[in-house]
Amino acid sequence: MAKPPAADAGWPAIGLHQGRPACSALLRQALLGLAPAASPAPWATARQVWLADADFADWPLDEPAVLDALSAWLRPGGRQLCLAGLHFEVTARRHPRLVRWRRDWTHAIQVWAPTEGGLPPALRGLLAAPLWLLWMDAPDWRMRCFTDPVHARAVRAQFADFLQRCEPAWPVTTLGL
C-alpha cells in the first residue's frame with residue numbers, strides 16, 4: 001500500500017481542517033502552490049484545476065498573490081481553470097480583481113452553472129489532481145484534504161458527470177443595446 005505524501009514534502013496536511021483561518025490558509029496554500037517555483041507544489045503539474053462553490057464569497061480569489069499564482073500556472077498553455085457555481089453576481093461583487101484578471105485569461109477559463117438543481121455538496125471545493133479539498137460545511141468552516149490519485153480520479157469523473165447537466169455561465173462581457 002502506498003504511503004500518503006507528507007505535509008513537509010509540500011503537501012497540505014491530509015485530513016480534516018476546521019475553522020476559518022485553517023480553511024482559508026488551506027485554500028490559499030493550494031492556489032499559491034500552482035505557481036511554478038524553484039520547488040513547485042506536487043499538484044502544480046495538473047493540466048486542469050476545478051473550483052466549485054455556490055458563490056466563492058469566502059475564497060481568497062481577490063488576493064493579488066493568488067491571481068499571480070494562477071497566471072503563472074496558466075502561462076505555459078494547455079491548462080484550464082474551471083469554475084462551477086450558482087451565483088456569479090456575488091463572485092463578481094466580492095472579487096473585483098478576479099473579474100479584471102479573468103478578462104486576460106478568458107481563453108483558459110471555463111465557467112459553468114447547473115441547468116437544474118444546485119451544486120452537489122460532494123463537489124464543493126478545489127481539485128488539482130491529485131489534490132482534492134472538499135469544503136464540507138461553509139458556516140462551520142470544515143474542509144477535508146485528500147491527496148490520493150484514486151480519490152482525485154473519482155472526483156474528476158463526478159465533475160464530468162456534473163458537466164452534463166450544466167451550461168456556460170458568467171460571460172466576460174455583457175452584450176446589450
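If I filter the range 49-62 for residues that are over 21 Å from Met143 (Cβ atoms), open to solvent by 10 Å² or more (accessible area, probe 1.4 Å) and not acidic (Asp, Glu), do I get at least one hit? So far as the range 49-62 goes, no, none of its residues is over 21 Å from Met143 (Cβ atoms), open to solvent by 10 Å² or more (accessible area, probe 1.4 Å) and not acidic (Asp, Glu).
Within 13 Å of the chain's Cα centre (by Cα) and within 22 Å of His151 (Cα to Cα): is that true of Arg79 in this structure? Reasoning before the result, please.
Values: within 13 Å of the chain's Cα centre (by Cα): no; within 22 Å of His151 (Cα to Cα): yes.
Considered against the rule, which asks whether it is within 13 Å of the chain's Cα centre (by Cα) and within 22 Å of His151 (Cα to Cα), Arg79 comes out as no.
Against the test of being closer than 18 Å to Leu31 by Cβ and within 15 Å of the chain's Cα centre (by Cα), the options Trp132, Trp112 yield a single qualifying residue, Trp132. Scanning the range 33-73 for residues that are under 20 Å from Val111 (Cβ atoms) and part of a helix (DSSP H, G or I) yields Val66, Leu67, Ala69, Leu70, Ser71, Trp73. In the range 99-114, the residues that are in contact (Cβ under 8 Å) with a residue 40 or more places away in the chain form Cβ pairs under 8 Å with partners that are part of a loop (DSSP other than H, G, I, E, B) and small (Gly, Ala, Ser), at six or more places apart or across chains, as follows: Val111/Gly85; Val111/Ala169; Trp112/Gly85; Trp112/Ala169; Ala113/Gly85; Ala113/Ala169. Taken together, Pro149, Pro168 contain a single residue that is more than 16 Å from the chain's Cα centre (by Cα) and in contact (Cβ under 8 Å) with a residue 24 or more places away in the chain, which is Pro168.
Taking the range 77-105 as the range and being open to solvent by 20 Å² or more (accessible area, probe 1.4 Å) and part of a helix (DSSP H, G or I) as the test, the residues that pass are Glu89, Val90, Ala92, Arg93, Arg94, Pro96, Arg97, Val99, Arg100, Trp101, Arg103, Asp104.
Regarding Arg28, is this residue basic (Lys, Arg), without any contact (Cβ under 8 Å) to a residue 40 or more places away in the chain, in contact with a strand residue (DSSP E or B) (Cβ under 9 Å, 6 or more places away or on another chain) and surrounded by fewer than 20 Cβ atoms within 10 Å (Cβ to Cβ)? The answer is no for Arg28. Can you pull out the residues in the range 106-133 that are surrounded by fewer than 17 Cβ atoms within 10 Å (Cβ to Cβ) and in a loop (DSSP other than H, G, I, E, B)? The answer is Thr115, Glu116, Gly117, Gly118, Pro120.
The values are calculated or read from the model by the stated rules, or taken from the named source; none is laboratory data. Worth saying up front: this structure is predicted, and the values here are computed from it rather than measured. So basically every Cβ, Gly included, is an ideal-geometry build from the backbone, and we count neighbours across all protein chains shown. Only protein heavy atoms, including side chains, enter the accessible area calculation; ligands, DNA and RNA are left aside. Shrake-Rupley method; radii C 1.70, N 1.55, O 1.52, S 1.80 Å.
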